Every structure is written in C-alpha cells, then in structure tokens.
Amino acid sequence: MSASPVGGTACGGLWPPAADDRHSVLQSAVPHNHQAADEYEHYSVKSFMLRRNHVYWHMKAGHPGQARLFAWFSLLLARVRALAAIFRRRNSEHHRQYVVRFRDAVRGILSRRPLGDWFGPPVGRL
C-alpha cells in the first residue's frame, strides 16, 4: 500500500484502508472526471454519500458534537435548496426526497442504530 497523497490519518495514513478497518463501511466519495455532470447535483447519490459519510466518520472518531453540527447545517442547507427549487420550479421533488433520506440517515447515525436500510448504499437501498 502507498501513503495517501493527502496525508490523511483516518486510515493510519494509508489508502485504501485495510480490510479489517472498522470504518470500512465508508465508500469513496471523491469525484472523478469521467462522471456525468448531473451526478454533481446537490440531491445526487454522490452528495448524499459524501455528507452521510462525513457524519458517520465523526461519530466513529469520537466527535459527536462535530457530527451533529455538520448534520444540522447540511440538513438546513438541503432544506433551503429544496425551498428554492420549489420557487424556481426545478427538481423540487428530487430535493425533497434528498432531505427526507438524509434526515433519516443522520438520525440513525447520531442515535447509533445498527446499520440497516436507513443507512443507504452500500448497506441499504437509496
């Protein structure tokens, strides 16, 4: 294994993490150039996983305060975007579904529920 180019310590400075890493449920949320532009929408699966994994990692790392603050502000921003989408009459249903899905995932993570369908990919469904 090679050292992480960003020098992160979340996985002991190595990427990819070892198979026995207790945080291995996290999935790569790094954007890649070969992906379609619509995958970068604020309500996309990529955005969901990026924000959900951020909350999950902070909880696992023992930073519940940071996890709660990030989750709260992310949910607030998602609600503002959903409201703005209603007024612009564009993709409001996608934004609403994102808010509901993210809210459910964050509640499960913050309450330390066992992983299930509420978590989303790769454990559950989206």
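Observations on the structure shown:
- Residue list for the stretch 99-111, restricted to those being in a helix (DSSP H, G or I) and either more than 19 Å from K46 (Cβ to Cβ) or among the aliphatic types (A, V, I, L, M) (or both): V99, V100, A105, V106, R107, G108, I109, L110
- Sub-6 Å Cβ pairs linking a first residue in the stretch 63-88 that is free of Cβ contacts under 8 Å to residues at least 12 places away in the same chain to a second residue that is of a type in the set (G, A, S), at least 6 apart or interchain, are A85/S92; I86/S92, ordered by first then second residue.
- Qualifying residue in the stretch 47-55 (condition: surrounded by fewer than 15 Cβ atoms within 10 Å (Cβ to Cβ) and either modelled with pLDDT under 90 or over 17 Å from the mean Cα position of the chain (by Cα) (or both)): no
- Once the stretch 41-62 is narrowed to residues that are free of Cβ contacts under 8 Å to residues at least 24 places away in the same chain and in contact with a Pro (Cβ under 8 Å, 6 or more places away or on another chain), the residue that is farthest from P122 (Cα to Cα) is H58.
- Residues of the stretch 83-98 include none that is of a type outside the set (F, W, Y), under 14 Å from the mean Cα position of the chain (by Cα) and part of a helix (DSSP H, G or I).
- When residues in the stretch 89-126 are screened for being closer than 13 Å to R52 by Cβ and touching a residue at least 40 places away in the same chain (Cβ under 8 Å), 14 of them pass.
The values are calculated or read from the model by the stated rules, or taken from the named source; none is laboratory data. Remember, it's a predicted structure, so these values are computed and weren't measured experimentally. Note that each Cβ is placed from the backbone with ideal geometry, even for glycine, and that neighbours are counted across all protein chains shown.
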